[in-house]
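J.: First, the structure itself, so that you have it in front of you.
The values are calculated or read from the model by the stated rules, or taken from the named source; none is laboratory data. These figures come from a predicted structure and were not determined experimentally. Cβ placement follows ideal geometry from the backbone for every residue including glycine, while neighbour counts extend to all protein chains displayed. Just the protein is used for accessible areas: all its heavy atoms, side chains included, with ligands, DNA and RNA removed. Shrake-Rupley method; radii C 1.70, N 1.55, O 1.52, S 1.80 Å.
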Amino acid sequence: MVKKFYITTAIDYPSARPHLGHAYEKTVSDSLARWHRLLGEEVFFSTGTDEHGLKIQRKARQAKKTPREFVDEMSAEFKKLCAEWDISFDRFIRTTDPDHEEVSRKIFQKVFDKGDIYLGEYEGLYCADCEQYYLEKDLVNGNCPVHGTKAELVREPSYFFRMSKYQKQLLDFFEKNPGFILPRARKAEIVNRVKEGLRDLSVSRTSFSWGIALPNDPKHFLYVWFDALINYVSAVDYPKGNFKKFWPADVHVIGTDISWFHCVIWPCMLFSAGIEPPKSVFIHGFIKLPSGKMSKSKGNVVDPLDLSTRFGSDSVRYFLLRDIPFGEDGVFEERLIVERHNSELANELGNLLNRVLVLIEKNCNGEIPQATTDSALAVKLNLKKIQTNMERFETHLALAEIMNFVKACNAYINEKEPWKLTGKQQKVLYSAADSLRMAAILLSPFVPRAAGKMLEQLGAGPFGKNDLQFNKLKAGTKTKRGEVLFKKTEK
Ligand code: ME8
């Protein structure tokens, strides 16, 4: 049976244009989705936008637009990001999609029917930017610890979800599923907080109308997080179709700030609704600037579309995936993109391809020579290690290992000096070209455009899992040297 792999990103607030943090999360998830496709698995990759709630309603008003006009415009920016950055999603879900709204109502109803919803009154300090209540002690001088804006005192009737009831079940679940919270180092903090006790969760609002009306009481609108988390099952057409095939999701990829929602609230909602929880939640780090956090108030938010226009999407993707260990925070600086671009993509990879293709043109009439790959070079590729790294979501280690092989190919050419070997270059050139083909396939999840160009220039056709072995490059195939893969840049 074909293995399945369902991976999701968080769904982004389209309250403003996308920033580099959004692009980062999508890029790492995309590399994982592409990797699993490469292995021949059946993959479903979802991403999208989280469009309801007070924050969006307010932003729309400020922009003098209806919420609908506003989210349509903004959501299109996130889709554009996906197109420019080669984010190969299978579904871009918007929480305003009618099928999602229907599934949200259905799941609320299930939780209601289970007896886990009751009417009460909520009084609390709310940050609309986080769409979250805070306890007085967690505020900083009365301000939201994340946004620095004043928390508002909100008092309203509200339906509550009996989350407290699920504390024991959740702790048992954590115990039985040690790989649920990843990286594992993140687990203890969450488990300890759960042990301190779970409070029931307020899950409806009457203070805004841009949301999903509750089936049992349409004056109330579903709390935006309750609605948003459900996207992971509505994206696969719960309870039918792809849901049957792909649920439980293999991994939800999210940032540190929203780990409580995903590791605690979401499994409790699913317990109540009688749905199996996802297999894992991977918590990645935050992209920061040398000066600290990116924030709108500081006016230092990095625009990913501007970056891809100036440096090329492959180079920005490469920097993010290569420089930032997945799971840790990373510092963004443009000079670091330039450094990786020049030293590794242009020098190591692009030059190698060009050198090998020129030599094949000069010595073999521009045709892949008849030979087999030198085992002395083939052993330099540690495919097992790359596979293990990817299984463990260590994307940065996998990419480093692939680049080690590219370096080994350069060293091989330098050592063998094929330009001096008149009449005996076949073995060396075949080995180099076949190894470049392997490198291109392995790099395709990370730098898909460059990988496609490499394969085309080498005369290799479309590839699948079975091409991930040496000696698959066909002798006699015409090579097609094109423009250099990565031009060096001074930017
Ligand atoms: O939280 N670096 O949306 P969002 C890395 N709608 N990742 C970052 C980041 C940064 N500087 N800033 C944000 C939401 N992120 C909700 C999610 S999911 C059911 C609902 C990450 O637009 C953040 O951690 O604020 C989150 O995973 C994603 O971007 C969307 O953040």
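J.: What residue, of F226, F261, F271, is within 13 Å of the ligand (Cβ to nearest atom), in contact (Cβ under 8 Å) with a residue 60 or more places away in the chain and not acidic (D, E)?
T.: Testing whether each residue is within 13 Å of the ligand (Cβ to nearest atom), in contact (Cβ under 8 Å) with a residue 60 or more places away in the chain and not acidic (D, E) leaves just F226.
J.: Name the residue that is nearest to F286 (Cα to Cα), counting only residues in the range 125-151 that are open to solvent by less than 60 Å² (accessible area, probe 1.4 Å) and charged (D, E, K, R).
T.: D129
J.: If you take the residues in the range 274-300 that are open to solvent by 10 Å² or more (accessible area, probe 1.4 Å) and small (G, A, S), which one is nearest to the ligand (Cβ to nearest atom)?
T.: Applying the filter and picking the extreme gives S295.
J.: So M163 fits all but one of (1) touching a helix residue (DSSP H, G or I) at 6+ places or on another chain (Cβ under 8 Å); (2) within 16 Å of the ligand (Cβ to nearest atom); (3) open to solvent by less than 50 Å² (accessible area, probe 1.4 Å); what number is the exception?
T.: (2)
J.: Please enumerate the residues belonging to the range 1-35 that are surrounded by 22 or more Cβ atoms within 10 Å (Cβ to Cβ), over 9 Å from the mean Cα position of the chain (by Cα) and more than 9 Å from the ligand (Cβ to nearest atom).
T.: Of everything in the range 1-35, those that are surrounded by 22 or more Cβ atoms within 10 Å (Cβ to Cβ), over 9 Å from the mean Cα position of the chain (by Cα) and more than 9 Å from the ligand (Cβ to nearest atom) turn out to be Y6, W35.
J.: Another question about this same structure. In the range 127-142, what residues are under 25 Å from A228 (Cβ atoms) and in a strand (DSSP E or B)?
T.: Result: C127, Q132, Y133, Y134.
J.: Still on this structure, please answer the following. Considering only the range 229-258, state which residues are surrounded by 18 or more Cβ atoms within 10 Å (Cβ to Cβ), within 17 Å of the chain's Cα centre (by Cα) and not in a strand (DSSP E or B).
T.: Of everything in the range 229-258, those that are surrounded by 18 or more Cβ atoms within 10 Å (Cβ to Cβ), within 17 Å of the chain's Cα centre (by Cα) and not in a strand (DSSP E or B) turn out to be L229, N231, Y232, A235, A249, D250, I258.
J.: Can you name every one of the helices (runs of 4 or more DSSP H) wholly within the range 353-438 that holds 3 or more residues which are surrounded by fewer than 15 Cβ atoms within 10 Å (Cβ to Cβ) and out of contact with any strand residue (DSSP E or B) (no Cβ under 9 Å at 6 or more places or on another chain)?
T.: Counting at least 3 such residues, we get 383-391, 395-416.
J.: Let me ask something else about it. Looking only at residues that are among the acidic types (D, E) and more than 8 Å from the ligand (Cβ to nearest atom) in the range 36-62, which one is least open to solvent (accessible area, probe 1.4 Å)?
T.: The initial filter retains those residues of the range 36-62 that are among the acidic types (D, E), namely 41-42, 50-51.
Add one more test, that the residue is more than 8 Å from the ligand (Cβ to nearest atom), and what stays is 41-42, 51.
Numbers: E41: 26, E42: 61, E51: 0 Å².
Looking at residues that are among the acidic types (D, E) and more than 8 Å from the ligand (Cβ to nearest atom), I get E51.
J.: Follow-up. Mind listing just one residue for me: the one in the range 206-220 that is under 16 Å from V154 (Cα atoms) and more than 16 Å from the ligand (Cβ to nearest atom) and, of those, surrounded by the most Cβ atoms within 10 Å (Cβ to Cβ)?
T.: Restricting attention to the range 206-220, the residues satisfying the condition of being under 16 Å from V154 (Cα atoms) are 206-209, 220.
After this cut, where a residue has to be more than 16 Å from the ligand (Cβ to nearest atom) as well, the list is 206-207, 209, 220.
Numbers: T206: 12, S207: 14, S209: 13, H220: 21.
Filtering the range 206-220 for residues that are under 16 Å from V154 (Cα atoms) and more than 16 Å from the ligand (Cβ to nearest atom), the one surrounded by the most Cβ atoms within 10 Å (Cβ to Cβ) comes out as H220.
J.: If you go through the range 308-323 one residue at a time, how many are within 14 Å of the ligand (Cβ to nearest atom) and either farther than 23 Å from F405 by Cβ or surrounded by fewer than 22 Cβ atoms within 10 Å (Cβ to Cβ) (or both)?
T.: Qualifying residue count for the region: 1.
J.: Just checking, which of L443, L429, L421 is aliphatic (A, V, I, L, M) and closer than 23 Å to V28 by Cα?
T.: L443
J.: When the residues of the range 465-491 are filtered to those that are open to solvent by 50 Å² or more (accessible area, probe 1.4 Å) and not in a loop (DSSP other than H, G, I, E, B), which remaining residue is nearest to K3 (Cα to Cα)?
T.: K465
J.: Write out, first by first residue and then by second, each pair whose Cβ atoms fall under 7 Å of each other, whose residues are 6+ apart or on separate chains, and whose first residue, in the range 10-35, is closer than 27 Å to L397 by Cβ while the second is aromatic (F, W, Y) and near the ligand (Cβ under 8 Å from one of its atoms).
T.: Short answer, once both residue conditions are applied: G21/F286.
J.: Does N231 satisfy the condition of being touching a His at 6+ places or on another chain (Cβ under 8 Å) and modelled with pLDDT of 95 or more?
T.: yes
J.: Please indicate, with yes or no, whether at least one residue in the range 77-95 is in contact (Cβ under 8 Å) with a residue 12 or more places away in the chain, assigned to a loop (DSSP other than H, G, I, E, B), open to solvent by less than 50 Å² (accessible area, probe 1.4 Å) and among the aromatic types (F, W, Y).
T.: Let us first name the residues in the range 77-95 that are in contact (Cβ under 8 Å) with a residue 12 or more places away in the chain, namely 77-82, 84-95.
From what is left, the residues that are assigned to a loop (DSSP other than H, G, I, E, B) are 85-90, 95.
Those still in the list that are open to solvent by less than 50 Å² (accessible area, probe 1.4 Å) too: 85-88, 95.
Keeping just the survivors that are among the aromatic types (F, W, Y) gives 85.
Among the residues of the range 77-95, at least one is in contact (Cβ under 8 Å) with a residue 12 or more places away in the chain, assigned to a loop (DSSP other than H, G, I, E, B), open to solvent by less than 50 Å² (accessible area, probe 1.4 Å) and among the aromatic types (F, W, Y), which makes the answer yes.
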